[in-house]
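The values are calculated or read from the model by the stated rules, or taken from the named source; none is laboratory data. Everything numeric in this text was worked out from a predicted model, so none of it was measured. FYI the Cβ positions are ideal-geometry reconstructions off the backbone, even for glycines, and counts take in every protein chain you see.
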Amino acid sequence: MVSDQLLDELRHRGLLSAHHTEAIRQDERSRPFSLHYELRAALYLGITLLTGGLGVLLYQHLDDIGHGVVVLSMAVLMLTGFGYAARHRQPFTWEQVTTSSFVPDYALLLGCLLFLALETYLQVQYNLFGNRYGLATVLPAVLFFLLAYRFDHRGVLAMAITALASWVGVSVAPLSAFTDNNFLYYGLGGAAVGLGLLLTAVGFEAEINRHKPHFAFTYISLGANLALLAATSALFTFYPQPFLPKVLVVPLLVVLSGSLVWYARRTKSYLFLLMGVLYGYITVTYLLFRVLDGVHGEIGATIVMLYFTLSAVGVVVLFVHGKKFLNRS
Amino acid sequence: MNLKAYNPAWAQHEAMHAATARWFRRGLLTSEQQQAIQTAYPLDFYRPGLFLRIGLFIFAYIGASGMVGLLAVITSFDHLESLAFIAAIGTWLALEFFIRSSRLYHAGADNALLYMALGWAALWLTAVLDDVLPSISSSSLLSSIQTTLLLGPLFLLGLLATIRFADRVVAFATYCLLLLLITIWLLQLPFGRLVLPFILMAVSAGAYQLVALLSKRPDYTYYQRCLVVLKVLSLSSLYLAGNYYVVREGNAVLGGDYLSAQIPSAPVFYLLTALVPLLYIRVGLRHPSRVWLLTGLAAAAFSLFTLRHYRAVLPTEIAAVLFGLLLILLAVWAARYLRPTRHGLTSLAQDEQPPLFNLESLIVAETAVVPTAPEPTFQFGGGHSGGAGADGTY
């Protein structure tokens with residue numbers, strides 16, 4: 001074992017006594033093996049499979065008698081989930097809550113996912129919300145925000161943000177933001193940037209006023225990603241955007257990238273430094289290509305290659321000194 | 001020249017820091033003792049956090065590509081082979097230089113330069129072989145001597161690079177190249193296809209034995225990260241070589257059939273598909289070893305997929321509901337049963353490093369499907385308007 005070698009060496013160099021070495025060796029042998037993250041992953045996978053399967057079953061049995069059973073079991077499961085979470089709730093605080101067990105967290109998640117499935121069912125079957133689709137999507141958003149703050153649950157917070165975004169009409173999920181959204185066709189670029197900015201602002205507020213500062217990561221990572229992505233894609237479109245002229249987009253991208261770097265320095269978070277630098281780099285590179293549009297042939301190619309080499313070296317130097325840069329706050 | 005590119009003491013010191021931090025969290029060391037040990041084993045190399053490493057990787061890649069592009073542009077790009085050769089040598093020298101000068105140690109930038117150097121070398125080899133040997137038709141690609149002539153040197157190159165740089169991705173690719181070479185050689189023999197699964201399993205088992213032996217050596221801390229990857233990989237290839245789906249479909253691909261047919265000695269593979277994951281999980285829990293446990297769980301998932309691929313026991317949605325319910329109940333039971341500790345296992349978070357950032361909330365945002373507002377003209381009620389997992393993509 002590696003730890004045995006290390007202990008031998010420490011003993012040899014006189015940094016630990018023989019007795020102490022033996023005690024640590026004993027602990028290394030008897031230390032229990034933690035299945036914490038494996039069990040959490042199993043719970044999450046189980047909940048996803050269960051709610052997904054129930055959702056499909058509900059649709060398949062929409063017209064026969066069997067669907068009553070499915071609805072009933074889903075409602076019971078949902079109430080069980082919410083009830084279990086409520087029974088194990090901790091007193092409310094603006095700080096992060098520490099719990100001994102992770103099961104209530106997942107019970108809450110199960111309840112929320114089933115709530116979505118049941119709400120959709122009620123709309124499909126009984127047309128509960130009529131044509132007020134906005135109400136149908138804003139309701140889960142409000143409920144999930146309340147639950148997220150009350151139960152201190154970042155997963156439910158992410159679901160609330162997703163529901164809010166679907167109310168606005170865009171998908172905010174980090175990967176599908178790259179694939180699903182056609183900001184250009186629906187003119188949603190402005191809305192996406194607005195929502196992204198709002199979420200980022202809420203995140204900054206949470207961080208500064210210590211209103212659940214650990215939520216800031218979720219707000220800012222989802223919000224800033226959405227805003228920057230929508231703004232960048234507006235930058236690359238050929239057709240002019242009514243709400244996002246390029247003369248506004250460029251300063252917006254610069255300011256947003258800059259504030260991400262500022263936030264990265266504040267929280268010493270390398271993710272936001274990376275995001276800020278990457279989007280900033282894309283913007284600057286785009287502008288350079290615009291300027292070079294008239295220059296053709298070998299001179300243009302040489303300038304581009306020189307730019308890539310030198311700028312990349314510059315960014316690498318910035319990153320290598322990133323630790324110093326982040327600590328100097 | 002030293003065989004190892006990085007200072008071997010760095011690996012040793014890093015392991016010492018991780019161990020003492022763990023012992024300190026478990027209350028086995030006082031903070032003065034931890035301080036004393038950590039000053040005796042200083043971390044005098046450069047490796048930032050994950051995201052900075054990603055950034056360094058991306059921008060080192062852009063920078064090195066820009067350099068090669070610049071060379072190509074100013075020499076008007078007239079000879080690909082020479083360019084690839086110069087790029088490979090140049091990138092490698094730059095890599096060695098930056099490791100010396102900036103004390104990079106698996107810091108992102110050095111990974112990028114290493115992969116680029118190997119990529120250019122592979123391109124150069126391919127181009128040279130293409131010039132020297134008569135061109136081959138793509139249908140005989142697998143069995144040709146050219147393939148061996150290309151893959152053989154690539155394997156040796158990967159092996160040398162792994163010995164020198166102890167990089168996980170290179171180790172991964174090198175092991176895959178080895179398996180590929182063995183497969184190609186075996187397929188030349190008359191009974192090759194029949195014994196291929198068993199030979200690959202034997203090779204994997206041998207590789208695991210070798211890796212397990214090597215990781216016990218005190219002077220191999222330098223390779224610890226590679227050896228873990230190779231353990232997972234050899235266990236995976238041992239399982240996959242005996243998996244019914246892989247054997248049957250692989251057989252069909254090698255035979256050039258469009259539909260796979262039943263394979264010889266199928267019961268052996270049924271048994272292997274069913275039992276190997278259970279064995280891995282058992283060893284993983286008993287030993288205990290996360291490598292065996294997680295590989296076993298992944299193998300079990302693939303075995304379930306294999307079963308469902310050939311025999312759909314239940315409709316997908318019912319299977320999902322039942323299996324989901326089973327997983328939840330099992331996890332909740334285990335979480336309570338293993339608190340605080342039974343059979344040397346616990347469900348409490350241990351002294352392992354807490355997750356770097358809240359990955360979970362991003363996964364939830366990605367997988368949870370929220371009903372989206374349809375277009376105003378669209379009547380709510382169609383099958384495709386979504387709902388939690390209703391589109392079957394859960």
Review point. Can you find even one residue in segment B:54-68 that is within 19 Å of residue A:301 (Cβ to Cβ), more than 13 Å from every other protein chain (Cβ to nearest Cβ) and either among the polar types (S, T, N, Q) or without any contact (Cβ under 8 Å) to a residue 40 or more places away in the chain (or both)?
Key: no
Review point. Hey, among the residues in segment B:227-270 that are touching a residue at least 60 places away in the same chain (Cβ under 8 Å) and within 14 Å of chain A (Cβ to nearest Cβ), which one's nearest to residue B:310 (Cα to Cα)?
Key: B:231
**Study point:** residue B:212 being closer than 23 Å to residue B:270 by Cβ and assigned to a helix (DSSP H, G or I)
**Key:** no
Check your understanding: In segment B:1-36, how many residues are among the charged types (D, E, K, R) and closer than 18 Å to residue B:223 by Cβ?
Key -> 2
**Study point:** Answer from A:43, A:10, A:35 - the residue that is farther than 26 Å from residue B:285 by Cβ and among the aliphatic types (A, V, I, L, M)
**Key:** A:10
Check your understanding: Failed condition for residue A:298, given (1) in contact (Cβ under 8 Å) with a residue 24 or more places away in the chain; (2) surrounded by fewer than 21 Cβ atoms within 10 Å (Cβ to Cβ); (3) part of a helix (DSSP H, G or I), with all others met?
Key -> (1)
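Could you tell me which of the residues B:37, B:62 is within 25 Å of the chain's Cα centre (by Cα) and in a helix (DSSP H, G or I)?
On the way: B:37 fails: within 25 Å of the chain's Cα centre (by Cα).
Going through B:37, B:62 in turn, just one is within 25 Å of the chain's Cα centre (by Cα) and in a helix (DSSP H, G or I): B:62.
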Practice item. Considering only segment B:221-254, state which residues are hydroxyl-bearing (Ser, Thr, Tyr) and under 19 Å from residue B:290 (Cβ atoms). Key: B:221, B:223, B:234, B:236, B:237, B:239
Exercise for review: Among the candidates B:76, B:82, single out the residue that is without any contact (Cβ under 8 Å) to a residue 60 or more places away in the chain, part of a helix (DSSP H, G or I) and farther than 29 Å from residue B:12 by Cβ.
Suggested key: B:82
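Residue under question is residue A:258, and the condition is that it be farther than 23 Å from residue B:48 by Cα and surrounded by fewer than 15 Cβ atoms within 10 Å (Cβ to Cβ); does it hold?
No; evaluated as a whole, the condition is false for this residue.
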Exercise for review: Report whether or not residue B:82 is surrounded by fewer than 19 Cβ atoms within 10 Å (Cβ to Cβ) and within 10 Å of chain A (Cβ to nearest Cβ).
Suggested key: no
Point to revise | Single residue of segment B:319-352 satisfying the filter (more than 7 Å from every other protein chain (Cβ to nearest Cβ) and assigned to a loop (DSSP other than H, G, I, E, B)) that is modelled with the lowest pLDDT | key: B:351
**Study point:** In segment B:274-318, the residues that are assigned to a helix (DSSP H, G or I), among the polar types (S, T, N, Q) and within 11 Å of another protein chain (Cβ to nearest Cβ)
**Key:** B:316
